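Q: Let me give you the structure first, and then I'll get to my questions.
The values are calculated or read from the model by the stated rules, or taken from the named source; none is laboratory data. Note that this is a predicted model, so its numbers are computed, not measured. Every residue, glycine among them, receives a Cβ derived from its backbone with ideal geometry; neighbour counts consider all protein chains shown. Quick note on the areas: whole protein, heavy atoms, side chains included, nothing else; ligands and nucleic acids left out. Shrake-Rupley method; radii C 1.70, N 1.55, O 1.52, S 1.80 Å.
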Amino acid sequence: MYVSDKEKDFIDELVDRWGVLDIQSGRGRAEKEQYEQLMRQCDDKLHIQAISLTRFQNDLGDILNRLGQLDVEIRLLLLDPESDICEWYGEEDQERGDLQATIRESAQRLYEREIETLEVRYYDAMPANYFRIDSKAFVGPYFISEPSRSTLTFLGRTDGDLVDSYTQHFESLWQDGRQPSIEND
């Protein structure tokens with residue numbers, strides 16, 4: 001395929017401004033190796049917005065514990081199991097089973113890890129994938145019609161326009177989020 005120098009320059013500028021490092025067809029087990037590799041290099045921040053983080057804990061929980069020992073700031077947002085959105089999402093996505101119970105169990109498991117630098121909050125908004133590891137983040141949507149492990153995902157720099165919008169959204173949800181009361185949930 002022929003691409004002119006002008007088109008190449010435009011693409012290079014676009015990719016640089018938006019901070020796009022990669023575009024992936026999914027964030028499932030095939031991508032687990034890339035998540036794991038970046039997490040092993042993490043030394044500052046791990047911020048995640050997801051629905052339940054159940055698969056994350058099963059696949060990468062050991063690395064999460066290690067990051068806590070390295071004093072990495074770990075902030076995790078889970079969908080609020082008491083929210084109308086969770087109820088709706090759980091009804092629409094029958095593959096997840098009892099979504100409210102799944103989220104509560106995941107929060108409980110996270111607290112049982114006893115990681116001092118780990119904070120968990122519930123958010124009440126439409127789910128989005130935000131998986132920040134230091135200055136890079138995987139971002140993308142959740143679709144009802146397909147499993148999240150098969151959903152288009154972008155890897156970008158946190159100083160690029162693409163990830164910046166997700167970062168601002170994460171920070172807003174973090175400020176408004178509520179802490180799980182594990183004993184009562």
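Q: From (1) part of a helix (DSSP H, G or I); (2) in contact with a helix residue (DSSP H, G or I) (Cβ under 9 Å, 6 or more places away or on another chain), pick out the condition that doesn't hold for Leu173.
A: Among (1) part of a helix (DSSP H, G or I); (2) in contact with a helix residue (DSSP H, G or I) (Cβ under 9 Å, 6 or more places away or on another chain), Leu173 violates only (2).
Q: Look at Glu82 and say whether it is acidic (Asp, Glu) and under 21 Å from Phe170 (Cβ atoms).
A: Working: acidic (Asp, Glu): yes; under 21 Å from Phe170 (Cβ atoms): yes.
When the stated conditions are applied, Glu82 passes them.
Q: Now a separate question. In the range 136-163, which residues are in a loop (DSSP other than H, G, I, E, B) and touching a residue at least 40 places away in the same chain (Cβ under 8 Å)?
A: Matches in the range 136-163: Tyr142, Ile144, Pro147, Thr151, Leu152, Thr158, Asp159, Gly160.
Q: Restricting attention to the range 1-33, and to residues there that are of a type in the set (Phe, Trp, Tyr) and more than 25 Å from Asn129 (Cβ to Cβ), which single residue is modelled with the highest pLDDT?
A: Going residue by residue through the range 1-33, those that are of a type in the set (Phe, Trp, Tyr) are 2, 10, 18.
Now narrow it down to the ones that are more than 25 Å from Asn129 (Cβ to Cβ): 2, 10.
Details: Tyr2: 62, Phe10: 87.
Among residues in the range 1-33 that are of a type in the set (Phe, Trp, Tyr) and more than 25 Å from Asn129 (Cβ to Cβ), the one modelled with the highest pLDDT is Phe10.
Q: Restricting the range 166-185 to residues that are at pLDDT 95 or above and either within 19 Å of Leu21 (Cα to Cα) or among the acidic types (Asp, Glu) (or both), which is farthest from the chain's Cα centre (by Cα)?
A: By that ranking, first place goes to Asp176.
Q: Which one of Glu91, Glu36, Glu87 is open to solvent by 40 Å² or more (accessible area, probe 1.4 Å), touching a residue at least 24 places away in the same chain (Cβ under 8 Å), not in a strand (DSSP E or B) and not β-branched (Val, Ile, Thr)?
A: Values: Glu91 fails: touching a residue at least 24 places away in the same chain (Cβ under 8 Å); Glu87 fails: touching a residue at least 24 places away in the same chain (Cβ under 8 Å).
Checking each option against the conditions leaves just Glu36.
Q: Filter the range 100-133 down to residues that are over 13 Å from the mean Cα position of the chain (by Cα), buried (at least 16 other Cβ atoms within 10 Å of the Cβ) and in a loop (DSSP other than H, G, I, E, B), then give me how many there are.
A: 2
Q: Go through the range 43-59 residue by residue and tally those that are more than 13 Å from the chain's Cα centre (by Cα) and either crowded, with 19+ Cβ neighbours inside 10 Å or among the charged types (D, E, K, R) (or both).
A: We begin by selecting, within the range 43-59, every residue more than 13 Å from the chain's Cα centre (by Cα); these are 43-44, 58-59.
So of that shortlist, the ones also either crowded, with 19+ Cβ neighbours inside 10 Å or among the charged types (D, E, K, R) (or both) come out as 43-44, 59.
So the count comes out to 3.
Q: If you don't mind, there's one more thing I want to ask. Can you name every residue in the range 12-26 that is open to solvent by less than 60 Å² (accessible area, probe 1.4 Å) and touching a Gly at 6+ places or on another chain (Cβ under 6 Å)?
A: Hits for the range 12-26 are Gly19, Val20.
Q: Follow-up. Within the range 41-63, which residues are part of a helix (DSSP H, G or I), aliphatic (A, V, I, L, M) and out of contact with any Phe, Trp or Tyr (no Cβ under 8 Å at 6 or more places or on another chain)? Full working, then the answer.
A: Narrowing the range 41-63 to residues part of a helix (DSSP H, G or I): 41, 54-63.
Now narrow it down to the ones that are aliphatic (A, V, I, L, M): 60, 63.
Matches in the range 41-63: Ile63 only.
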